[in-house]
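Report on the following structure.
The values are calculated or read from the model by the stated rules, or taken from the named source; none is laboratory data. Bear in mind that the values here come from a model prediction, so they are computed numbers and not experimental data. Cβ: placed from backbone, ideal geometry, glycine included. Neighbour counts: every protein chain shown.
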Amino acid sequence: MMKTPVIEWISLLVLSAAWACAQSQAAPSPLPAAPAPRRVRVATDAASALVVQKAPLTYPEAARKAGVQGTVVLNIVTSYSGDVKEITVVYGDPALAQAATDAVKQWKYQPYLVEGSPVEMETQVNVNFQIKAPAQPAQPAPPPLGTFRDNAYSNDYFGIYYPVSRDWVRETDLMRKKMAAEGKAQGTYVLLAAVRIPPDKDPLRADSTFTVLAVNRSGAQDCTQYLDLLTGNVQAHKEGKRTGQVSQFTIAGHDFYRVDFEFREGIDHRTFVCTSVKDYLLHWNIGGWSKSAIETAVSTLKSITAAPPAAAPVPPAAVPAPPSLENGPNSPKKVQISPGVSTGLLIRKVQPVYPQEAKYARIQGTVLLSAVINKNGDVVDLEVLDGPIELVVSAVNAVRKWKYRPYLLMGEPVEVQTQIMVIYTLSRH
């Protein structure tokens, strides 16, 4: 049957409506955009870079006195404008938490932006409380240690020229090593140390010893206060007792203060002598087996002068000697030679006496000495560098008697300095 035009037109309308309905179901209309977030969590490091203003942190005085220190952790929220609007304590000592909160509450941040718009920021803040150690007074620079030459100690900084007889054998380097090993070197400097060993003294022991120390004034400002501190230390450790009062005397423009002790162990008698020079207190620590030995050691101070004695003027009529090895401008006063070379020059060697006390105590070892040998081959100066103290006196007494062939330089005898080792070995029986 043939369709009429009207029927065809109606069919087209129905098909068009169906197609439009299908298209509307396949492609839904777009949803409205989601709103921007009002608060964002930001890492601590990133947030700290946005801080533009910090309030000073006040350490609670009660916490400081109680020694309370540590870290307070806070969780904070900032407003759109960067002000701190909320604070919660996450961790920390209550004695410090309030001070941390009061300070952080006044901080100012740059506004945190998301897609160009400011939002609230949530982050963590760590506030550290640490008690600073009190500032230590500045230590003065180490003083010049001085020199020992021609049987005299000289130190221009302290204005001291100090002759010492050859009965006194120096042990300055040995004492410096000992104090450093005992941790006593801070602010204290050994200028001179010596032990008195008279020739062939029996028994084989030194009768007295002294050490000159330069002590900075951090502990005491004058000698009277310093000697009081030393006295209190001796009595606190029950090492001995003080005998008599502090006495005072003056030598070479320096005021010296002295106090005496009797010790219970070791050396019986000790004397401390102190004088004040520039930034330091010079302290003589003197020990002796008898009171007379103490006085012998103290008497060395009487030879102190402010400067070396002036050389005697040359008489006008004196004819100067022609240049030679001894008095020429380039002639050495003393030549350093090795122990091996000096051993080859030895022509008389006296064996040391092994001290009985050292034998009983099974003490053995090597005593190392620095020696000056004059142009005649005689040992004229000794310094103890290392070795058991119980063997030192024996070694010194023996080496003093050694004899050497003169050391020749360009055919002329010269004074030399060398090292000598004296070895003590116990038998196995």
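Taking region 17-68 on its own, how many of its residues are of a type in the set (S, T, N, Q) and either modelled with pLDDT of 90 or more or in contact with a Phe, Trp or Tyr (Cβ under 7 Å, 6 or more places away or on another chain) (or both)?
4
Consider region 62-97. How many of its residues are in contact with a Leu (Cβ under 9 Å, 6 or more places away or on another chain), within 30 Å of PRO111 (Cβ to Cβ) and outside any strand (DSSP E or B)?
3
Among the candidates PRO134, PRO56, PRO144, PRO94, which residue alone is closer than 30 Å to PHE158 by Cβ and loosely packed, with under 14 Cβ neighbours inside 10 Å?
PRO144
May I ask you to list pairs of residues, at least six apart or on different chains, whose Cβ atoms are under 7 Å apart, with the first in region 210-235 being under 15 Å from PRO143 (Cβ atoms) and at pLDDT 90 or above and the second being β-branched (Val, Ile, Thr) and surrounded by 13 or more Cβ atoms within 10 Å (Cβ to Cβ)?
Note: pairs meeting the criteria are LEU213/THR188; LEU213/VAL190; VAL215/THR188.
In region 156-182, which residues are under 16 Å from ASN216 (Cβ atoms) and without any contact (Cβ under 8 Å) to a residue 40 or more places away in the chain?
Residue satisfying the conditions is MET179 alone.
Run down ASP381, ASP386 and say which single residue is closer than 21 Å to MET175 by Cα, in contact (Cβ under 8 Å) with a residue 12 or more places away in the chain, of a type in the set (D, E, K, R) and touching a Leu at 6+ places or on another chain (Cβ under 8 Å).
Among ASP381, ASP386, only ASP386 is closer than 21 Å to MET175 by Cα, in contact (Cβ under 8 Å) with a residue 12 or more places away in the chain, of a type in the set (D, E, K, R) and touching a Leu at 6+ places or on another chain (Cβ under 8 Å).
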